[in-house]
Structures are given as structure tokens and as C-alpha cells.
Amino acid sequence: FWDKIKKLPSEEPFEIVKKINTHIDSDNIISYSLYGNNPKYYKYLDENIQYVNKFLPDWVIRIYLHDKVDQKLVKELEKKNIQIYIVHDNLVVPGNSAGAFWRFLPLCEDKNVIIKDIDDNFDESNNYRIVNNFFTNSDKKIKYASGFPWPFNHIQAKNIYKKKEYKIPLKEEEIINYFHRSTFGSDEIFLSKILYYRLDKDYIENNFRISKLFSMKEY
């Protein structure tokens, strides 16, 4: 898959065109990407906002929001206790990975960061107890999940933790200008082929799991 991606033509970058509610700040950021007007994703976001407000009050949600989103939805989000970064990105269409790259930008900041899928609720694998334990008690600096049949260096994009003091040698410009973002799976290719090789391997905590897809009896 990586060999195929490398042969694809370069694509245009995205751009942060506006920041809203930046007065709501914290050393602890939970980062999401959101594009399109499908109500279910705004429902997921509302559920996550309620969870964070109740169980992780020291954390602030930052939503990277496409500039094509209905302005009524933008106005509703402005009323919530979250940061909003408006993104101009001509590559985004349903089913591709272009918009997934936006939420990686906080990895370049001096903050405690959690990267999540918008529809990935807090559950037994990443609830507030696990969040607090990693950022308070773990001697590791970055945490991600991978699973069979992918190798150890495959980083799933849906749930990444990074500590504030860990300086990854990665610049925002590298994410914004990454040469190919639209093909489905390009976000995890970027994490596995670019980010992984910038990480100090002594600081990684990897929750390696056997995927249910490959452990079903029908398989």
C-alpha cells in the first residue's frame, strides 16, 4: 500500500483560516476533525463534550472544522466550551482520509494531546481513568494502538496520547503539506511511515491487540 501511495501525484495542502474560542485554552487538548453536515457526527461530538466536561475537566476539546460546514452548525458549536479551528481543504470528500490529517497538528505543540476519531467514544480502553493514569503515572511519553495483522509500527489514527514534555521532531508544515492525503488509509500510512520513525522507541506504549476481524470463527 505504501509503495502505491508513493507513486500517486502530489496534492494541494490544507490551511487553517480562522480560530474561534482560543481564549478557552489548556495544556491538555483532545483533537478531532469534523467535516460534512451529517447529524450523527455532531451527536458524537456532543456526547464527547459532555464526557470531557464531567470526567476530564482539565482538558479542552479542539475541533478542526471544514469551512464548508453549514454556518448554523458552526454557530451552535461556538456556544460550546471548545476550541474551533476552521480549515480550508479542497481535497475533502466523504470516504477519503484528507480531513483526518488536521487533527494531527497538536502533536507539534507543547501540550498534552489526545488524538481521536469523532465517533470513537470514551470506553474501557480509553476512559478517564486510563487517560489520567497515562499522563500522571506512566514513564512512557507517547501511546497508540496497533493490532494483528499490522506490524508494531502501524499506528492507528483513532486514539493517540502524547505528553507535553515530549518534543517530536515533526513540524506542522510537514502535516499540512504532506504529499498525498486523499486515498483512504493515507492518514495511518503517514503515522506509520513518517511519524513512527521520528519517535524515541524507549518512550512508546503500544496497546497491541488481536483484531476481532481476524479472530472470528467464520474467518
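The residues of the chain present an accessible area of 52 Å² per residue when probed at 1.4 Å with all protein chains retained. Listed by chain and number, the aspartates and glutamates placed with their C-alpha closer than 13 angstrom to that of residue 141 are 110, 165, 200, 202, 205; residues fewer than eight positions away on the same chain are left out.
For the cross-link pairs 116/193; 43/111; 68/116, the ones whose C-alpha atoms lie over 24 Å apart are 43/111. Relative to the current alpha-carbon distance between residue 128 and residue 17, full extension at 0.36 nm per residue lengthens the span by 36.8 nm. Measuring r between the beta carbons of residue 96 and residue 51 and using R0 = 30 Å, the FRET efficiency lands at 0.60.
The listed peptides 76-82, 2-8, ordered by packing as a protection proxy, come out as 76-82, 2-8 (highest mean of other Cβ atoms within 10 Å first).
The apolar share of the surface of the range 91-207, taken as the fraction of accessible area on carbon and sulfur atoms (1.4 Å probe, ligands and nucleic acids excluded), comes to 50 percent.
When you filter the trypsin sites (Lys or Arg not before Pro) in the range 127-193 for DSSP loop state and at most 13 other Cβ atoms inside 10 Å of their Cβ, you are left with 167, 171. Consider the candidate values (i) 59; (ii) 63; (iii) 54; state which one is percent of Cα pairs over 20 Å apart computed from the structure displayed. Checking each listed value against the structure points to (i).
Once you have the Cα-Cα distance between residue 164 and residue 6, take 0.36 nm times their residue separation minus that, and quote the gain in nm to one decimal.
53.7 nm
The values are calculated or read from the model by the stated rules, or taken from the named source; none is laboratory data. Every value quoted in this text rests on a predicted model; they were computed, and no experiment measured them. Positions of Cβ are generated from backbone atoms using ideal geometry, with glycine treated the same way; all protein chains shown enter the neighbour counts. Please note that ligands, DNA and RNA were not included when accessible areas were found on the heavy atoms of the full protein model with its side chains. Shrake-Rupley method; radii C 1.70, N 1.55, O 1.52, S 1.80 Å.
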